[in-house]
Every structure is written in structure tokens, then in C-alpha cells.
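Report on the structure given below.
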Amino acid sequence: MKNKSLLITWITLFLLSTAGLILSHINGPGFWILIIIFILSYVKFMLVAWEYMELKHAHSFWITIMALLGMLFIFLVVIITVFLNS
């Protein structure tokens, strides 16, 4: 069962990385593509933390902290991007 879970996580990470690569080459509204790429990065961050760092066995405090730090990072990057482009 553990190997199946790791394989599914690895395939999901590969697909998310491929989606980010494809999105980075699209000529469109750059701000929204940036937001989508950062959301994909956040999902990858949480998958790695959950599966490979064994966060699923951690106390709920640490799970919450990891999730909030990831969201805070995305929020700060978006805010900085908005201010630099205006």
C-alpha cells in the first residue's frame, strides 16, 4: 500500500510540474498565469510535506503551520508582484 501511495504522489508531482512548465510558456495575462503556477507550487509543496516528510503523522499544529507558511509565501509574492507592476 505504501508503494502505491508513493507512486501516485510521484505521478501527481510530475503532472503538476508539467502543467507549470506548459503554463509558463503561454502568452496570456501574466498575472493570472503566475497565480496559477504558484497555486500549483503550493500543492506540490504540500504533497511533498505530506508524503515524503511524513507530515501526515505529525501533530495538527505542524500541519497547520506548514499550510499557513505556504499560503503566506504565495500571498507575499502576489502582493509584491502587484506593487512592482503598478
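The values are calculated or read from the model by the stated rules, or taken from the named source; none is laboratory data. Source: prediction; values computed, not measured. Note: ideal-geometry Cβ built from the backbone for every residue, glycine included; neighbour counts use all protein chains shown.
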Original post:
So which of PHE45, PHE38, PHE75, PHE31 is of a type in the set (Phe, Trp, Tyr) and out of contact with any helix residue (DSSP H, G or I) (no Cβ under 9 Å at 6 or more places or on another chain)?
Top reply: PHE75
**OP:** Kindly indicate which of PHE38, PHE75, PHE61 is at negative phi, in contact (Cβ under 8 Å) with a residue 40 or more places away in the chain and not hydroxyl-bearing (Ser, Thr, Tyr).
**Re:** PHE38
Subject >> Residue tally, condition aromatic (Phe, Trp, Tyr), exposed (fewer than 15 other Cβ atoms within 10 Å of the Cβ) and modelled with pLDDT under 90, over region 42-71 >> reply: 1
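Here are ILE22, ILE33: which of them is surrounded by 13 or more Cβ atoms within 10 Å (Cβ to Cβ), more than 13 Å from the chain's Cα centre (by Cα) and at pLDDT 85 or above?
Values: ILE22 fails: surrounded by 13 or more Cβ atoms within 10 Å (Cβ to Cβ).
The match here is ILE33.
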